[in-house]
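Student: Pasting in a structure now, in structure tokens, and then I'll have a few things to ask.
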Amino acid sequence: MNALRPYDINIVGLENKRYEYDFTSDDAFFAALDQDLIGKGNVNTHLILEKSETMIRLLFQISGTVEQTCDRCLDEYDEPVETEQTMILKFGDHNEELSDEIELIERNTATVNVARYIFEFISLALPMKRLHPRFRDDEDQADDEFNGRVIYRSDEPADEEGDKPDEVDPRWAALRKLSDN
């Protein structure tokens, strides 16, 4: 975990104001994390930390590239990553993840390691379907092929005889005669 030590931020001595940090995540960063999604990459993170009495707001501005394996041809390629995310750490009496963007941390927490947040935000910025750039134009054209055409319809098809919307059910016609009188 020594490769992740530079991502520790000492929050005990911080005053209630805005701080800025810069991190560079390279191959050692991705190797230090216990994951198989990203093996190599070069990502720069600009972190803006705003500390107040009750919480810490972290604004991550992440940009760079990570190496991915194409799902179609298994070639390695560099996937650009560009994202901006916010994380809120509220002070409480225990540690708990309240939502994707809000976590409770104990008031006596001395340091916060932001490596996990950086990795999660990079992972979320990656496309679900990993395609080499040379295949992306083909994929876009295949998607455009079906634009504007009905592929599936959930309503019932019209009868072969062709129901005419102007035809009135004779039962309703009899009721209409009664109400007209």
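Student: Scan the range 96-125 for residues that are in a loop (DSSP other than H, G, I, E, B), in contact with a strand residue (DSSP E or B) (Cβ under 7 Å, 6 or more places away or on another chain), in contact (Cβ under 8 Å) with a residue 12 or more places away in the chain and open to solvent by 20 Å² or more (accessible area, probe 1.4 Å) and report the count.
Tutor: Total meeting the criteria: 3.
Student: What residue, of LEU59, LEU47, is of a type in the set (A, V, I, L, M), in contact (Cβ under 8 Å) with a residue 40 or more places away in the chain and either farther than 21 Å from PRO127 by Cβ or surrounded by fewer than 17 Cβ atoms within 10 Å (Cβ to Cβ) (or both)?
Tutor: LEU47
Student: In this structure, does GLU156 turn out to be open to solvent by 60 Å² or more (accessible area, probe 1.4 Å) and modelled with pLDDT of 90 or more?
Tutor: When the stated conditions are applied, GLU156 does not pass them.
Student: Moving on to the next point. Just name the residue that is nearest to HIS46 (Cα to Cα) out of those in the range 62-83 that are assigned to a loop (DSSP other than H, G, I, E, B) and touching a residue at least 24 places away in the same chain (Cβ under 8 Å).
Tutor: CYS70
Student: What's the total number of residues in the range 85-95 that are open to solvent by 70 Å² or more (accessible area, probe 1.4 Å) and touching a Leu at 6+ places or on another chain (Cβ under 7 Å)?
Tutor: Matching residues across the range 85-95 total 3.
Student: So is VAL81 within 18 Å of ALA3 (Cα to Cα) and touching a strand residue (DSSP E or B) at 6+ places or on another chain (Cβ under 8 Å) or not?
Tutor: no
Student: Take the range 120-135 and flag every residue that is out of contact with any Phe, Trp or Tyr (no Cβ under 8 Å at 6 or more places or on another chain) and either modelled with pLDDT under 90 or not acidic (Asp, Glu) (or both).
Tutor: Result: ILE122, SER123, LEU124, ALA125, LEU126, PRO127, MET128, LYS129, ARG130, LEU131, ARG134, PHE135.
Student: Being among the β-branched types (Val, Ile, Thr), surrounded by 14 or more Cβ atoms within 10 Å (Cβ to Cβ) and within 28 Å of PHE91 (Cα to Cα) is the filter here, so list the residues in the range 1-41 that pass it.
Tutor: Listed by number, the residues that qualify are ILE9, ILE11.
The values are calculated or read from the model by the stated rules, or taken from the named source; none is laboratory data. Keep in mind that what you see is a predicted model, and the values were worked out from it rather than measured. For neighbour counting, all protein chains shown are included, and Cβ atoms are generated from backbone atoms with ideal geometry for every residue, glycine included. Note: areas computed on protein heavy atoms with side chains; ligands, DNA, RNA excluded. Shrake-Rupley method; radii C 1.70, N 1.55, O 1.52, S 1.80 Å.
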